[in-house]
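S.K.: Take a look at the following structure, please.
Each value in this text was obtained by applying a stated rule to the coordinates, not by laboratory testing. This is a predicted model, so every value here is computed, not measured. No Cβ is skipped: glycine too gets one built from the backbone with ideal geometry, and neighbour counts run over all protein chains shown.
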């Protein structure tokens, strides 16, 4: 009898732990539960489609020149490659490097300094930024209400003709939440489907010894804020998290970024100061600037031989997820957006 | 017999769910006069000439007290008051019949939990211009205008008071004694506020900070029940 109860118990635990978030989004094996409350915004294909269309539609910018994708390209894990600081309308240059977008359902705060507290309100920031999209939400909602395409898309999703900012923002959140990257070589090695080369294996050991306090597996971020010893840029004067909290203890703290797809998301750091991974590694071995808020994890110097550095980079490259970066479901939705242009 | 029971339940049901509408009206006063917006009538206070362009704020979480105990709470209680929009100044609270109460309480602003809940609709919709976009969070109280004392361009002042996290939590509670009446008029007199603002050093407060908290702390004392 005890045995039966035990087996039943294991069975139910199994059921719970293999539960998917939604038929539209799988929970990667071994990952923690998402932070996002999906119960309040249930994933729905029609809503994801709206979010995807909006993400790629310059209707969100004042002069119809910039979409979210202008700064967040799917082929580069949704960052703006080659630009240290992102470019917005009228070619104005922003204050920060656009971060790669993935696994956002596991994050609790957004932006390099955590200025945004929920993925649903994220779009409001670039939309209103005069250097990014220069729009305002009231006007964007008016434009969507006048658009036959969006009238139709919202009707399909909600079965009524209401288009308001809440629906728009929740749809955009749905699209972004489905950007899950969990199928890199690293993941396959962890699932014992592939094996590391000797170099990658050594790199993984070096990584675990020096980097995982902050770039914690499996997300490769602990989603906290830290000062990783970058000297301040005297022109940008960006003190990071302190701008939000007004607390001196948060001076020079930035959100720990994920390292997944790091091969594609150069340049690196909040201001895009490093173009190459080798420069990043050299920063951690030789460039750490001591300051009152420097993370204790980096106070002890990191010494790596030239070979170790090469191996560490070889490991970081195993975090590239080609399936994610080239996923057609993440790309420009021709089938949704092009027909309007013919009308 | 069954029919009687049925009738009795129906009657009981109606009796229990019987509601009383309690109309609430917000009134704005400056210098002993009604504040009318957008008519920018000039206000002379001491030697300063002041004009008000915007007075907009949230009142939320309405509840009624009887002998220091909560006897009723409004559900989904968020109201945006805009001095310029007369329709926004009046709304009804739906109370159970024969409710006994001796005080009304509400918050000025939006609570912490609601601030982190994501995209909201109705009065909480960001289209109302009461939401910061570069840093998530509601603006609890907005006062804009001009004062000859301000050294800013066009003598403008702008106070966007908000912040939901400690130490810069700006949410404030107001509790006012009331007698049971058919309507409650709540008055906000901004005169003391206009007198205590340090215009010359702080013509703008636009983010959660210590100055915003100080400003917010002045607000509860400005509300009263209009006679």
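S.K.: If you take the square roots of the eigenvalues of the alpha-carbon gyration tensor of chain A and sort them as a ≥ b ≥ c, do you get rounded (a/c under 1.5), prolate (a/b over b/c) or oblate?
M.R.: oblate
S.K.: Summarise the partner chain shielding of B:114-125 as one whole number: the mean count of Cβ atoms from other chains within 10 Å of each residue's Cβ.
M.R.: Mean partner-chain Cβ count within 10 Å for B:114-125: 6.
S.K.: Hey, what number do you get for chain A at 222 nm if only DSSP H runs of n ≥ 4 count, each worth -39500 (n - 2.57), divided across all residues, to the nearest 500?
M.R.: -10500 deg cm²/dmol
S.K.: Just order A:294-306, B:130-142, B:167-179 by mean Cβ neighbour count inside 10 Å, highest at the front, would you?
M.R.: Descending mean neighbour count gives B:130-142, B:167-179, A:294-306.
S.K.: Of all beta bridges DSSP finds with both residues in the stretch B:20-225, what is the antiparallel percent, to the nearest 5?
M.R.: Antiparallel bridges make up about 85 percent of those DSSP assigns within the stretch B:20-225.
S.K.: Now a separate question. Determine the shielding of peptide A:113-121 by partner chains: average, over its residues, the number of Cβ atoms on other chains within 10 angstrom of each Cβ.
M.R.: Rounded to a whole number, the mean comes out at 5.
S.K.: According to the square roots a ≥ b ≥ c of the eigenvalues of the Cα gyration tensor, what is the shape class of chain B, taking rounded for a/c under 1.5, prolate for a/b larger than b/c otherwise, and oblate for the remainder?
M.R.: Judged from the Cα gyration tensor, chain B comes out prolate (a/c at least 1.5, a/b above b/c).
S.K.: Label 7 Å along Cα→Cβ of residue A:216; the stretch A:104-133 residues with amide nitrogen under 15 Å?
M.R.: Counting only backbone N, you get A:106-109.
S.K.: How many nm is it between the label spots at residue B:99 and residue A:195, if each spot is 7 Å from the Cα in line with the beta carbon?
M.R.: In this crude label model, residue B:99 to residue A:195 measures out at 7.2 nm.
S.K.: For the stretch A:185-320, just say rounded, prolate or oblate: build the C-alpha gyration tensor, square-root its eigenvalues into a ≥ b ≥ c, call rounded for a/c under 1.5, and beyond that prolate if a/b exceeds b/c, oblate if not.
M.R.: prolate
S.K.: Sticking with this one: Evaluate peptide B:162-172: per residue, the Cβ atoms of other protein chains within 10 Å of its Cβ; return the mean as an integer.
M.R.: Shielding by partners across B:162-172 averages 1.
S.K.: Restricting to DSSP H runs of at least four residues, report the calculated mean residue ellipticity at 222 nm for chain B, -39500 (n - 2.57) per run over all residues, nearest 500 deg cm²/dmol.
M.R.: Calculated from helices alone, the mean residue ellipticity at 222 nm is -4500 deg cm²/dmol.
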